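Each remark here refers to the structure printed beneath this line.
What follows draws every value from the coordinates through simple rules; no lab data is involved. Please read these numbers as outputs of a predicted model, since none were measured by experiment. In this analysis, Cβ positions are derived from the backbone assuming ideal geometry, glycine residues included, and neighbour counts consider all displayed protein chains.
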Amino acid sequence: MKRTNKITLCALMAALAVVFMLLAYFPYLTYTIPAFAGLCIMVVLLEIGAKWAISAYITSAILTVLFCEPEAMLMYVFIFGYYPIFKAVIERINKPFLEWPIKIIFFNVVVVLVYSFIAELFGVHLTNTNDFGKYTVYIVLAVGNAVFVVYDITVSKMAAFYFAIIQPKLHKILK
């Protein structure tokens with residue numbers, strides 16, 4: 001693929017990711033949209049490689065920081081935007097018993113850091129909660145881990161779907 005085509009693909013996918021991220025202003029889409037927008041970066045990764053995917057991610061992340069809803073923006077910038085790239089790097093190990101703990105530890109560390117930042121920014125402290133509230137964080141983190149595992153599997157399935165269905169049609173159109 002020519003360099004201009006690579007730049008065009010990066011720009012289109014970064015712009016599409018930002019357009020998706022703008023949908024996060026709608027209620028209840030705060031987590032879904034960043035996860036979906038990360039799939040745009042996955043397309044760049046699959047088509048032209050990690051270096052180009054990183055540039056598309058950086059471009060979309062900058063625009064997301066400037067224009068998008070704060071919580072969704074943090075989820076995109078710190079987790080879902082570059083997760084397809086991170087996933088590809090980790091899966092080069094080719095040993096699932098090592099890959100999964102790394103992915104889950106990564107997710108937990110990043111989520112705790114993001115929400116610690118949000119709590120500090122808005123002055124929310126867990127010491128001000130009742131007995132049930134003390135366990136809410138652990139329940140939400142456990143559910144988040146389950147959803148993250150489903151997301152990881154979905155990213156793999158979407159990559160397979162892209163190679164099997166979308167890529168042949170796309171290449172036929174572009175020829």
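Dipole of the chain (Lys/Arg Cβ +1, Asp/Glu Cβ -1, origin at the Cα centre): which of LEU12, TYR135, VAL110 lies farthest to the positive side?
LEU12
Counting every Cα pair in the range 3-174, what percent are over 28 Å apart?
The proportion of pairs with Cα distances above 28 Å equals 27 percent.
With each run of n ≥ 4 DSSP H residues scored as -39500 (n - 2.57), what mean residue ellipticity at 222 nm is computed for the chain after dividing by its residue count and rounding to the nearest 500 deg cm²/dmol?
That comes out to -26000 deg cm²/dmol.
Place a +1 charge on the Cβ of each Lys and Arg in the range 3-174 and a -1 charge on the Cβ of each Asp and Glu, then give the dipole magnitude about the Cα centre in debye, rounded to the nearest 20.
720
Using a basic spin-label model with each label point 7 Å from the Cα along Cα→Cβ, how many nm lie between ILE173 and LYS95?
Each label point is offset 7 Å from its Cα along the Cβ direction, giving 4.2 nm.
For the range 23-32, take each phi angle, set θ = phi - 60°, evaluate the Karplus expression 6.51 cos²θ - 1.76 cosθ + 1.60, and give the result in whole Hz per residue in order, putting x for glycine and proline.
After applying 6.51 cos²θ - 1.76 cosθ + 1.60, I find 6, 5, 5, 6, x, 6, 10, 4, 9, 5 Hz.
Here is the link list: LYS51/LYS172; LYS2/LYS51; LYS6/LYS157; LYS87/LYS172. Which ones come out longer than 19 Å on Cα distance?
LYS51/LYS172; LYS6/LYS157; LYS87/LYS172
Comparing THR154, THR136, THR30, which has the greatest mean-square fluctuation in the GNM of the chain with Cα pairs linked when under 10 Å apart?
In this elastic network of the chain, the residue with the biggest mean-square fluctuation among THR154, THR136, THR30 is THR136.
Report relative contact order for the range 3-174 in percent, whole number only (criteria: Cα-Cα under 8 Å, sequence separation at least 6).
20
Mind giving me the FRET efficiency for THR8 and PHE106? R0 is 25 Å, r the Cβ-Cβ distance, nearest 0.05 is fine.
The computed FRET efficiency comes out at 0.20.
With springs only between Cα atoms under 10 Å apart, run a GNM on the chain and tell me which of PHE20, PHE97, PHE106 wobbles the most.
PHE97
Separation between the ASN145 and ALA15 pseudo-spin-labels, each 7 Å from Cα along Cα→Cβ, expressed in nm?
For ASN145 paired with ALA15, the spin-label model returns 4.2 nm.
May I ask you to evaluate 6.51 cos²θ - 1.76 cosθ + 1.60, the Karplus curve with θ = phi - 60°, for each residue of the range 134-147 and list the ³J(HN,Hα) values in order in whole Hz, giving x for glycine and proline?
3J(HN,Hα) across the range 134-147, in whole Hz: 5, 8, 4, 4, 5, 5, 4, 5, 5, 5, x, 5, 5, 5.
Using Cβ contacts closer than 10 Å as the measure, can you line up SER55, SER156 from fewest to most?
Lowest to highest Cβ neighbour count: SER156, SER55.
In which sequence would VAL44, VAL109 go, from the one with the fewest C-beta neighbours within 10 Å to the one with the most?
Fewest to most other Cβ atoms nearby, the residues stand as VAL109, VAL44.
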